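Notes follow the structure.
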Amino acid sequence: MTTADVVIEGGSVWVGPGELHADGLVHIQAGTVVYAGPRGGEQVPTGTPRINAVGCTVLPGLIDAHVHLTTNSDHSRVVPSDVFRGQVSNPGKLLHGLRNAHRALASGFTTLRVMGHRGVGEIELRDFIDEGLTIGPRLLVSPWWITMTNGHGDLFYPPYTRRERWDTADGVEECRKLVRIQAKAGADFIKVMASGGMSKGEQPHWPNYSVAELTTIVDTAHDLDLRVAAHALSADGIRRSLASGVDSIEHGSYLDEETAAEMAEKGTFLVPTMSFNDWCQREGTSRGLSPQAVADLSDAHERTIESFGLAREAGVTVAMGTDSSGTLCPFGAHARELELYVKHGMSSEEALATATTNAALMLDRPELGSLSIGSVGDAVVVEGNVLTEIGHLTQRSNLRHIVRAGRDITAHVREATAVLGLDDAVQTDPGDS
């Protein structure tokens, strides 16, 4: 994406955990932060565009580390997830993904870690954005999952869906091959299914893959400088993932004290994705789920909250991810995840760290998630004090400016959301959940 120069001044500048400047200034030059500190501490070249942030909090661009981008973006037409995946063409999915990307950007999320779908084109969209040919959030993409026959993923698709050879991998050598195929396709990371899920015909307590298979996936990925995210709900799936050396546990709904302690010791990240179950419990029947499906998810919802507490007590590093997916967990409402973290024990600053510095560390992208010198020039200007009320982030009207690589793209984002009908993106209402 093309870069530019800008100064953001007069707001409360949150550089990162532990560094706040009440009357601060951020200077971004050629897309990179060259100063972040008190106003008056930097000589800014004449003619540099300026953003007045008085009365606002200035944050680094936010990161959602678990999204399913190319899912239904039409909130007026609820389509069950399996129907959408099975019946919408790949080009159609990609166009939905572009609308979802704009929703995320309009909500202050300038980086998305994408759990991709085979052949849809998220890698190409990532590169198109990076080359400055369109405006969008930075995308880090896993082009497809790695799952076993009868595993989560294989069972996620309706039975009438045509299967391709590498939709499943069984045994050590097939697992090794598939990592290499995804790396060749341009993967930024690898996603593996290490436990069952909530799809029809499976149970979340089912482990997926042996330790030997998972270890092969991790070792092959690490040899290629790729990190591995493991979908793991069950305690057994988490244990096998930790034994293999994965870098992050996604969901972790049935984490226990023993596995939490091991995660903390090994430095394995947890991406809790509390939003998904929260939306399903509050509005699931209006978003494509049957009453029985909502009831089936209730235990996972409660256990996710419990696991979140166990992880924090053990000292596990949390990185924010929503599991945004179609109408079930809508794009544009990403900050709801942060509200849930605060509701369940984090301070606002701790929650912000999950979507900035923690997420950047998990992604091995230290240039993201901070306004420190040398960081990528992504910033969000939010009306009010986000450090005392995280809920300011959930209302799009509070987002005064969105800066991407030094460019104030606010006008573009507002026009796109209006013209493309994205103003229907939901504003969160925590209710009693």
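No lab work stands behind these numbers, since they all come straight from the coordinates. Given the structure is predicted, the values throughout are model-derived calculations rather than measurements. When we count neighbours, we look across all protein chains shown, and the Cβ atoms used for this are built from the backbone with ideal geometry, even at glycine.
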Q: Any chance you could run the full-extension gain for residue 185 through residue 344? It's 0.36 nm times the residue separation minus the Cα-Cα distance, nm to one decimal.
A: 53.3 nm
Q: Kindly write out, for the range 169-177 in residue order, the coupling ³J(HN,Hα) from the Karplus curve 6.51 cos²θ - 1.76 cosθ + 1.60 (θ = phi - 60°), rounded to whole Hz, with x marking Gly and Pro.
A: 9, 10, x, 4, 5, 5, 5, 4, 4
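Would you mind calculating the relative contact order of the range 284-433 from Cα pairs under 8 angstrom and at least 6 residues apart, reporting the percent as a whole number? Show your work: numbers first, answer last.
On the way: 155 pairs, mean separation 27.1, N = 150.
It rounds to 18 percent for the range 284-433.
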Q) From the cross-link list 93/266; 93/177; 266/343; 184/343, which pairs have alpha carbons spaced over 32 Å apart? A) 93/266; 184/343
Q | Selection of GluC sites (Glu not before Pro), the range 78-175, meeting DSSP coil and at most 10 other Cβ within 10 Å | A | 131, 164
Q: Calculate one ³J(HN,Hα) per residue across the range 112-117 by plugging θ = phi - 60° into the Karplus curve 6.51 cos²θ - 1.76 cosθ + 1.60, and present them in order as whole Hz with x for glycine and proline.
A: 10, 9, 9, 7, x, 10
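Normalised by the residues of the chain, what does the relative contact order come to in percent, with Cα pairs under 8 Å and at least six apart?
21
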Q: Sort 110, 322 so that the residue with the fewest other Cβ atoms within 10 Å of its own Cβ comes first and the one with the most comes last.
A: 110, 322
Q. If the label point is 7 Å along Cα→Cβ of residue 256, which residues in the range 198-239 have backbone nitrogen under 15 Å from it?
A. 205-207, 233-239
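Using the beta-carbon distance between residue 412 and residue 19 and R0 = 30 Å, what value does 1/(1 + (r/R0)^6) give for FRET efficiency, to the nearest 0.05?
0.50
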Q: Quick one: among 25, 224, 328, which has the greatest mean-square fluctuation in a GNM of the chain with alpha-carbon springs under 10 angstrom?
A: 224
Q. Counting Lys and Arg as +1 and Asp and Glu as -1, what is the net charge of the other residues whose Cβ lies under 9 Å from the Cβ of residue 351?
A. -4
Q) Given H placed 1.01 Å from N in the peptide plane, which residues other than close sequence neighbours of residue 195 have an amide H under 5 Å from its amide H? A) 208, 233
Q | Value at 222 nm in deg cm²/dmol, rounded to 500, when DSSP H runs of n ≥ 4 in the chain each add -39,500 (n - 2.57) | A | -10000 deg cm²/dmol
Q. Taking the chain as a Gaussian network, Cα atoms linked when under 10 Å apart, which of 326, 406, 18 shows the biggest mean-square fluctuation?
A. 18
**Q.** Separation of the residue 313 and residue 298 label points, Cα + 7 Å toward Cβ, nm
**A.** 2.5
Q.
If you take every residue apart from residue 21 with its C-beta less than 11 Å away from the C-beta of residue 21, what net charge results, scoring Lys and Arg +1 and Asp and Glu -1?
A. -2
Q. How much of the DSSP beta bridge set in the chain is antiparallel, as a percent to the nearest 5?
A. 45
Q. By counting other Cβ atoms within 10 Å of each Cβ, how are 128, 308 ranked from fewest to most?
A. 128, 308
Q | Projected label distance in nm at residue 285 and residue 172, using a 7 Å step from Cα toward the beta-carbon | A | 5.2
Q | Sorted by Cβ neighbour density within 10 Å, fewest at the top, the residues 225, 278, 64 | A | 225, 278, 64
**Q.** Spin-label model distance (nm) - residue 150 vs residue 50, 7 Å beyond Cα toward Cβ
**A.** 6.8
Q.
Under the 0.36 nm per residue contour assumption, what length would be gained going from the current alpha-carbon distance of residue 306 and residue 223 to full extension?
A. 26.4 nm
Q.
Can you compute the label reach from residue 89? Point 7 Å from Cα along the Cβ direction, backbone N cut-off under 18 Å, restricted to the range 114-150.
A. 118-122, 125
Q) Does the range 62-363 come out rounded, prolate or oblate by the C-alpha gyration tensor, with a ≥ b ≥ c the root eigenvalues, rounded set by a/c under 1.5 and, if not, prolate when a/b is larger than b/c and oblate if not? A) rounded
Q | Potential extension, residue 203-residue 79 segment - 0.36 nm per residue separation minus Cα distance | A | 42.3 nm
